[in-house]
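Taking it in order: structure first as structure tokens, then the write-up.
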Amino acid sequence: MNKPKDYTDRCRRIANAFYNEGFRLAQIRDLTGAARCLKRSLAFDKYQTDARNLLGLIYYETGEIAEALVQWVVSSNLQQENNRATHYLYEVQGKPGRLEDESIHIHRYNQALLQAQNDNPDLAILQLGRVVEHKPNFVKAHMLLALLYIGQEDYNKAGKSLYKVLQIDKNNPKALWYMSIVKSHTGRADVERRKLKNAFSHHQMEDDDIILPPSYKENTGWQMILQIAAGLALGAAVIFFLVMPAREEQLNDSHNRELAAVLEQVNQKSMEIDGIRSDVANMEAERDAATAELAAIMDENGGVLSQYQQLVHILQAYRADDFQTAVELYTELKPEAVSDEGMQSVIAGIREDMERRGYQVLADLAGQARDAGDTGRALDYYQKSLAIKPDNPQVLYDMAMVYQGRGEEDQANELFGQVILNYPDTEPAAKAKTARGY
């Protein structure tokens, strides 16, 4: 009997451990590693609001405002009191024009991706320059800008963009890889390698350390002249028979090595170009996904963010004991747009309550609108009531009577027929037969 509780406690402890590790990594600005740990924490405990809030802050720090908003909206619904997410949402949404500016910058970033794909790197660089000017912490924009500079072999500017990325997220794997390419072309890698080698090398003997043997003594007179002549002859012979052939062979070897180095550089450049093309393709896929995701989030009619807000309003109506408002708001909710499992369980509870008593509220509102002569509004309420509970012969009959009163006999007769065929032993079926003249 205690096994489920033990399992839940164990998952919570694991989630807390991942959160603590993510918090530690975030403190040292390893944002990629921190985000990875926080996602694992939420996989074990989706109600870990501290992990969700910190993940939203990491998204915000790297320029992913839409992702941050989603995390904070979910967190504020899971924990409605004493939750920092409410403050974060107010700071972002409470500033006039903030979300519109973010949308403009995302649009410019997407345009830059499209221009890079269509071989317009100069235009893409211009667009990205405007983006990072207004959003200096937008990691994706800096990464794409560095990639375009590498493609143009402007490694100094690429290094500056990558340096900004590593200031924000010091262990970003792609930024580290691009930086290694930049260093290899600017000589920085060789400098760092020599510094490392010198730091661990042993002391080498210098000229001052050489000790002359005690048997050495200076020669003078004819001995010196003979030694010089013999040395000149021997030197000429050595140059003719040994040095010249060796020098010629050395020049050939040097030429071969230079040719091999050039070929190696060409191959390396080809590999880098292939890698850059692959990265551009990946960035294009990320662009498409980000565009679709942002459109889904920012869409005011059915977007993810609007649906979370709609759900918040429904819960507020429940807390205010205003069930009629909750019912009317529920008819505009699109549950499929809410992907969070915690929110889905909340929606399931609301749906059950609507199927039990909410549909009748809508039917009563339809009756009031019908009696007031507003038949269009009455039909709308009847449709919404049937959307919650389709199996309702009385609502079908009432709708048919409204259509009949409007002179729309085809629609009325179709609904009368549904009531008679599907609910033959009910009072609405008997009324429908009378209305049809049976």
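Results for (1) under 30 Å from residue 402 (Cα atoms); (2) among the aromatic types (Phe, Trp, Tyr); (3) modelled with pLDDT of 75 or more, shown as yes or no for each residue.
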site: 300; (1), (2), (3): no, no, no
site: 313; (1), (2), (3): no, no, yes
site: 339; (1), (2), (3): no, no, no
site: 347; (1), (2), (3): no, no, yes
site: 361; (1), (2), (3): yes, no, yes
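Of all residues in the range 39-63, how many are more than 14 Å from the chain's Cα centre (by Cα) and in a helix (DSSP H, G or I)?
The initial filter retains those residues of the range 39-63 that are more than 14 Å from the chain's Cα centre (by Cα), namely 40-54.
Subsequent filtering for residues that are in a helix (DSSP H, G or I) retains 40-44, 49-54.
The number of residues fulfilling the criteria is 11.
With (1) in contact (Cβ under 8 Å) with a residue 12 or more places away in the chain; (2) closer than 17 Å to residue 309 by Cα as the list, and residue 144 as the residue in question, which single condition is left unmet?
Going through (1) in contact (Cβ under 8 Å) with a residue 12 or more places away in the chain; (2) closer than 17 Å to residue 309 by Cα one by one, residue 144 breaks only (2).
Within the range 401-411, identify whether any single residue is closer than 30 Å to residue 74 by Cα, crowded, with 20+ Cβ neighbours inside 10 Å and not small (Gly, Ala, Ser), and answer yes or no.
If we filter the range 401-411 for residues that are closer than 30 Å to residue 74 by Cα, which is where we start, we get none.
Checking the range 401-411: not a single residue is closer than 30 Å to residue 74 by Cα, crowded, with 20+ Cβ neighbours inside 10 Å and not small (Gly, Ala, Ser).
Would you call residue 29 in contact with a helix residue (DSSP H, G or I) (Cβ under 8 Å, 6 or more places away or on another chain), surrounded by 20 or more Cβ atoms within 10 Å (Cβ to Cβ) and not polar (S, T, N, Q)?
Taking the combined requirement at face value, the residue does not satisfy it.
For residue 336, indicate whether it is assigned to a helix (DSSP H, G or I) and of a type in the set (D, E, K, R).
yes
Select from the range 352-392 the residues that are surrounded by 14 or more Cβ atoms within 10 Å (Cβ to Cβ), basic (Lys, Arg) and within 45 Å of the chain's Cα centre (by Cα) and list them in ascending order.
377, 384, 389, listed by residue number.
Name the one entry in 125, 106 that is under 18 Å from the mean Cα position of the chain (by Cα) and in a helix (DSSP H, G or I).
Going through 125, 106 in turn, just one is under 18 Å from the mean Cα position of the chain (by Cα) and in a helix (DSSP H, G or I): 106.
Give the residue, chosen from 114, 144, 99, that is assigned to a helix (DSSP H, G or I) and modelled with pLDDT under 85.
None of the others qualify; the one that does is 99.
Before we move on, is residue 91 without any contact (Cβ under 8 Å) to a residue 60 or more places away in the chain, in a helix (DSSP H, G or I), over 21 Å from residue 289 (Cα atoms) and not β-branched (Val, Ile, Thr)?
Details: without any contact (Cβ under 8 Å) to a residue 60 or more places away in the chain: yes; in a helix (DSSP H, G or I): yes; over 21 Å from residue 289 (Cα atoms): yes; not β-branched (Val, Ile, Thr): yes.
Judged against the criteria, residue 91 is a match.
The values are calculated or read from the model by the stated rules, or taken from the named source; none is laboratory data. These numbers were taken from a predicted model, which means no experiment stands behind them. Please note: Cβ atoms are built from the backbone with ideal geometry, for glycine as well, and neighbour counts cover all protein chains shown.
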